[in-house]
Amino acid sequence: MQIDKKQIATFNKNLLVEHKENLTSLSKKHKNIEQVIDTISNYNIAIPSWALGAGGTRFGKFGFGGEPSNLEQKLEDIGVINTLTKSANAVSLHIPWDIPKDAEAIKAKAKSLGIQFDAMNSNTFQDQEGQEHSYKFGSLCHTDKKVRDQAVAHNKQVIDYGVALGSKSLTIWLADGSNFPGQLNFRRAFENTLSSLKEIYAHLPSDWKLFIEYKPYEPNFYSMVIQDWGTSHMLAKDLGEQAYTLVDLGHHLPNTNIEHIVATLMTRGMLGGFHFNDSKYGDDDLSVGVIKPYQLFLIFNELVFGMENNSSNNPIPAWMIDASHNLKDPLEDLIQSIEAIETAYAKALLIDQEALESAQLNNDVVEAQRILQDAFNTDVKTILAEARLRNDGAIDPILAFRNLEVRNELIKERGLKSTATGL
Ligand SMILES: [Mn+2]
């Protein structure tokens, strides 16, 4: 299914007068509103190929109909999200769930929908059918070199798939670790992982980046080989200039100060990628911004500051939504996530950085808090709507999704029983 410009324009018509009034009154209050609209209208977040179907828990999975059953249909779904939001012009592929059987055809399909290929993702956290060696006791860290070699070969193959599609980065997240004390020699596991990563890194084209994700627990509950940003940073430093740390919001122990981690990594130019979701207890994969919107705003404050004061040449991070939807329509959920990310970003862009710096230099704690909270308490819905409108997107993308009956159209096209590969 594809939505055309005319349908969006017709939908926008009814909301246009009120929107313009809101914009005029907001412009009177904020001097730099044009700049914020411009930044938001150029901002894009990659959609992972596994997020377009019904997510499941370890107890069950409930479909919702019209799920994309192949990569082409997944691209079409991202096309729908992008047409409505104008902020999702990239897909992040997961191998082997979404192996492009005909790279040229997939590339052409993506191009026709205005979609690029963001970071590729490897998978050594499951055994695949016909696979010779099992990852039950780890992959890149495994005690048996044959298993490590197999996992290295898989990652190299993922790079090759990415090269064929025009991707420029590989994200590695490892489930490797141990469930019981004594099971694993920590130092050996770390060294094995490093030497496996070195082999993968050597296969990386010179214009690619390698992102190393970390996670403190799950699926292993006693230890994880890459447990935190410090470990990821050590590995990336040992690999070389093309390797970076990737921060996933859900991959921290409760109450970790993630904005501080972001600032520290950017100080050294080491923040390569960012995975958005939200979390109440652990890696809950909840929609972005539903639990801790203020934390997200504070993270974006560091990102904005880091990008504006970039003496360490931190690259623009690769942005991706990494959540799993088991109740909501995943397309609606992704739209809500995009809105939450852009809300936090727009609010962070409204922070008066000069005034904040002066408050900080004067140790005026009250004033510093006031500056942050003034920006956080600004309603930026109109800014987001205007950014979309200028790109021919929908003033209210969720309402448009519902008015255009997108899910019903997808069910008509694909049936009620179609299921997507992925989680
Ligand atoms: Mn992630």
If R₀ is 22 angstrom, what is the calculated FRET efficiency for the pair N377 and R268, using the beta carbon separation as r and rounding to 0.05?
0.10
Output for region 66-122: trypsin sites (Lys or Arg not before Pro) sitting in coil per DSSP, at most 16 other Cβ within 10 Å, listed by number, reads K101
For T378, T57, ascending order of other Cβ atoms within 10 Å (fewest first) is T57, T378
Work out from phi, with θ = phi - 60° and the Karplus expression 6.51 cos²θ - 1.76 cosθ + 1.60, the ³J(HN,Hα) of each residue of region 382-393, listed in order in whole Hz, and give x for Gly and Pro.
5, 4, 4, 4, 5, 4, 5, 4, 5, 9, 6, x
Suppose the Debye formula is applied to equal point scatterers at every Cα of region 337-404; what is log10 I(q)/I(0) at q = 0.15, 0.17, 0.23, 0.28 Å⁻¹?
-0.58, -0.67, -0.94, -1.16
What is the pair-distance distribution P(r) of region 286-423, computed from all Cα-Cα distances in 5 Å bins starting at 0, with each bin given as a whole percent?
2, 8, 14, 17, 17, 14, 10, 7, 5, 3, 2, 1, 0
Collect residues whose amide H, placed 1.01 Å from N in the peptide plane, falls under 5 Å from the amide H of K209; neighbours closer than 5 in sequence don't count.
S169, L170
Among L140, L372, which comes first, second and so on when ranked by fewest other beta-carbon atoms within 10 Å?
L372, L140
Nonlocal amide H pairs with D228, under 5 Å, H built at 1.01 Å:
K215
Residues whose placed amide H lies under 5 Å from that of D248, excluding near-sequence neighbours
Y214, H275
Could you work out the Kirkwood radius for region 192-251, taking every pair of different alpha carbons, averaging 1/r and inverting it, reported in Å?
12.0 Å
Cα gyration tensor, region 209-343 - rounded (a/c under 1.5), prolate or oblate:
oblate
Project the alpha carbons of region 91-145 onto their principal axes and report the range along each, largest first, in whole Å.
45, 21, 15
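How high is the relative contact order of the chain? Use alpha-carbon pairs under 8 Å, at least six apart in sequence, and give a whole percent. Present the calculation step by step, with values, prior to reporting the outcome.
Numbers: 779 pairs, mean separation 99.3, N = 423.
Across the chain, relative contact order equals 23 percent.
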Taking the DSSP beta bridges in the chain as the whole, what percent of them are antiparallel, to the nearest 5?
15 percent
Taking N as the number of residues in region 1-137, the ratio of its alpha carbon radius of gyration to 2.2 N^0.38 Å works out to 1.39
Cα shape, region 265-349, gyration tensor, a/c 1.5 rule:
prolate
Could you put S169, S139, S312, S324 in order, starting from the residue whose Cβ has the fewest other Cβ atoms within 10 Å?
S312, S324, S169, S139
Would you mind telling me which residue in A51, A108, A90 has the biggest mean-square fluctuation in a Gaussian network model of the chain, where springs connect alpha carbons within a distance under 10 angstrom?
A108
Modelled label-to-label distance, A9 and K111, 7 Å Cα→beta-carbon offset: nm?
2.7 nm
If one puts a single equal scatterer on every Cα of the chain and applies the Debye formula without solvent, what log₁₀ I(q)/I(0) results at q = 0.11, 0.13, 0.14, 0.15 Å⁻¹?
-0.86, -1.19, -1.36, -1.52
Listed residue (I411, L361, A400) projecting farthest to the positive dipole end of region 349-423, Cβ model:
I411
Let me have the relative contact order for region 1-151, percent, based on Cα pairs under 8 Å that are six or more residues apart.
19 percent
Give the shape of region 218-266 as rounded, prolate or oblate, defined through the alpha-carbon gyration tensor: a ≥ b ≥ c are the square roots of its eigenvalues, a/c under 1.5 means rounded, and otherwise the shape is prolate if a/b is larger than b/c and oblate if not.
oblate
Protection proxy (average C-beta count within 10 Å per residue), highest first, orders 264-275, 396-407 as 264-275, 396-407
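Each reported figure results from applying straightforward, stated rules to the coordinates on display, with no laboratory input. Predicted model, so just to flag it, every value in this text is computed and none were measured. Don't worry about glycine lacking a Cβ; one is built from the backbone with ideal geometry, like all the others, and counts go over all protein chains shown.
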